[in-house]
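One structure below.
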Amino acid sequence: MRTQVVIIGSGPAGLLLGQLLHQHGIDNIIVERQDRDYILGRIRAGVLEGGTVQLLEQVGVAQRLHREALIHSGIYLTFAGQRHAIDFKAVTGRTVAVYGQTEVTQDLMDARAAAGLQTIYHAKDVRPNGINGAHPNVSFVQDGREVTIDCDFIAGCDGFHGVSRQCIPENAIRTFERVYPFGWLGLLSDTPPVADELIYTRHERGFALCSMRSMTRSRYYLQCSLDERVEDWSDARFWDELKCRLDPEARDSLVTGPSLEKSIAPLRSFVAEPMRFGKLFLAGDAAHIVPPTGAKGLNLAASDVHYLSQALREYYAEKSSASLDGYSQKALARVWKAERFSWWMTSLLHRMSENDGFTERLQLAELDYLMSSQAATCALGENYVGLPF
Ligand code: RFL
Ligand code: PHB
């Protein structure tokens, strides 16, 4: 088998890259180790920046999004027991779309199938080979048989635990990491959202987030310690703890119900540099991770594949490697700004450690300042709605 670009991983980064390349007339095959239902069963991101929506429009997969997404022009910040509105639209003129990663993935998978593009699911032992030479390929085992796909380039879109980054020699890559001493316990339920915008809450017992997927489906998160086990969190315990952390109005209007899903995610900041080794290009979570507080992970995957697809288009159409050579630097410039923002929002809103009165007072002072300064609100808004790409 042969194609121009083998994409490893069928998450949002791989699927969106596949559609962008197809639009530029570049052949691609996706090789994925899981199956479709497993990927669609993962409850993850919920907030799309305008730039991400534009990319989905560009590849013709935004019809359902435009019908179903909820357009949000701000967020609420709750601290010291009081809820405050932050209006991004007023300060930036821009909004975000609340539309689940599951839906984005579904729309991209449907478009890929409709275009007759090949995705190989259930691929075992996937390996990028010859990445530093002129003839790379990707090998894997399918139904017990070894298969090899020859290609010009490999896109490593296989997430944080994927094989692509790991096959880069240690002396050719540098990593930067911050692991936070807490996680997020998430719950999804078929209940109406508690407010018209997302509520980010700083509370002495820990951070809480009220998010949503639609007017009938809500997503809630609680900061928890890393040794918590999901089995120890009955729905009743979750709702009680959430109520404890919310402002009085939200507590009164919260509608509870049985959980559809509950899971714990650790929080991490991570960047691998450069995002390229020879014929292998990393994109999305394969190259970087942000804590979910700023809602940036999926959006960064989208900007990476935008840059990469542009560079590959230029290579094939204009026989120029200049943009491929500049890919890593260009992507990393945006990645680090989102890393900074996600780290900052995480540090501002989470309970950092026991008896750390100094940090607590700095958090409250900064939150107070945010509400009293238009410049500070604007800086938050600009980053939340998404920096340009
Ligand atoms: P993914 O989605 O992890 O997809 C990678 C794919 O690669 C496959 N794979 C392999 N395939 C072949 N061979 C191998 N060896 C392979 N190893 C792995 C995997 O099966 C998978 O299908 O990475 P991608 O495409 O880079 O997308 C990144 C996003 O999924 C991620 O950044 C976001 O979900 C992060 N995130 C959020 N991002 C936002 O922009 N807005 C949000 O509101 C938001 N909320 C969140 C989040 C992530 C969360 N968790 C659970 C980490 C909320 C949470 C709780
Ligand atoms: C979500 O709805 O899953 C979500 C929303 C905003 C965040 C993180 C997660 O910052």
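The values are calculated or read from the model by the stated rules, or taken from the named source; none is laboratory data. This is a predicted model, so every value here is computed, not measured. Cβ placement follows ideal geometry from the backbone for every residue including glycine, while neighbour counts extend to all protein chains displayed. We work out accessible area using only protein heavy atoms, side chains counted, and drop any ligands, DNA or RNA first. Shrake-Rupley method; radii C 1.70, N 1.55, O 1.52, S 1.80 Å.
Could you list the square roots of 5 times each eigenvalue of the Cα gyration tensor of region 305-354, that is, the equivalent ellipsoid semi-axes, sorted largest first and rounded to whole Å?
37, 8, 6
Where does each of 272-279, 261-268, 161-168 land if you order them by average Cβ count within 10 Å, highest first?
Answer by packing, highest mean first, reads 272-279, 161-168, 261-268.
How high is the FRET efficiency from His135 to Lys337, r the C-beta distance, R0 41 Å, rounded to 0.05?
0.65
Take the alpha-carbon centre of region 198-238, take the same for region 320-334, and report the distance between them in whole Å.
With region 198-238 and region 320-334 each reduced to a Cα centre, they are spaced 38 Å.
Please compute the per residue accessible area over region 84-196 with all protein chains in place, 1.4 Å probe, rounded to a whole number of Å².
Result: 46 Å² per residue.
For a 32 Å ceiling on Cα separation, which of these pairs sit above it: Lys279/Lys337; Lys124/Lys319; Lys89/Lys330; Lys124/Lys337; Lys243/Lys330; Lys89/Lys319?
Checking Cα-Cα distances, Lys124/Lys319; Lys124/Lys337; Lys243/Lys330; Lys89/Lys319 exceed 32 Å.
Between Cys378 and Cys167, what FRET efficiency comes out of the Förster formula 1/(1 + (r/R0)^6) with R0 = 35 Å and r the beta carbon distance, rounded to 0.05?
0.25
Counting only other residues whose beta carbon sits under 14 Å from that of Asp325, what net charge do I get with K and R as +1, D and E as -1?
Every neighbour counted, the sum reads +2.
Quote the relative contact order of the chain in percent (integer), defining contacts as alpha-carbon pairs under 8 Å separated by 6+ residues.
21 percent
Within 10 Å, count the other beta carbons around each residue, average over each peptide in 209-220, 112-123, and list them highest first.
209-220, 112-123
For Lys262, go through the aspartates and glutamates and keep the ones whose alpha-carbon is under 12 Å away, minus same-chain ones fewer than eight residues off.
Within reach: Glu231, Asp232, Asp235.
Take the Cα of Gln23, step 7 Å along the line toward its Cβ, and report every residue of region 298-314 whose backbone nitrogen sits under 15 Å from that point.
Answer for region 298-314: 302-314.
Between Val59, Val31, Val104, which gets the highest mean-square fluctuation from a Gaussian network model of the chain, Cα cutoff 10 Å?
With Cα springs under 10 Å in the chain, the top fluctuation among Val59, Val31, Val104 is at Val59.
Roughly speaking, what is the stretch gain from Asp125 to Glu261, that is 0.36 nm per residue apart minus the C-alpha to C-alpha distance, in nm to one decimal?
46.0 nm
Please quote Rg/Rh for the chain to two decimal places, taking the Kirkwood radius as Rh and restricting both calculations to Cα atoms.
Result for the chain is an Rg/Rh of 0.98.
Computing the accessible area with a 1.4 Å probe over protein heavy atoms, can you report the carbon and sulfur percentage for the chain?
Here carbon and sulfur together make up 49 percent of the probe-accessible area.
Accessible area per residue, 1.4 Å probe, Å², for region 333-389: what's the number?
52 Å²
Excluding Val5 itself, what net charge comes from residues whose Cβ is under 9 Å from its Cβ, given Lys and Arg +1 and Asp and Glu -1?
-2
Under 17 Å from a point placed 7 Å out from the Cα of Asn355 along the Cα-to-Cβ direction: which residues of region 144-185 have their backbone N that close?
Counting backbone N atoms under 17 Å from the label point, the list is empty.
Which value at 222 nm does the chain reach when only helices count, each DSSP H run of 4 or more adding -39,500 (n - 2.57), with the total divided by all residues and rounded to the nearest 500 deg cm²/dmol?
Helix-only estimate at 222 nm: -11500 deg cm²/dmol.
Among 170-177, 8-15, how do they line up by average Cβ neighbours within 10 Å per residue, starting with the highest?
Per-residue mean Cβ counts within 10 Å order the peptides as 8-15, 170-177.
Within the set of other residues whose C-beta is less than 11 Å from the C-beta of His161, count the net charge using Lys and Arg as +1 and Asp and Glu as -1.
Spelling it out: positives minus negatives among the neighbours equals 0.
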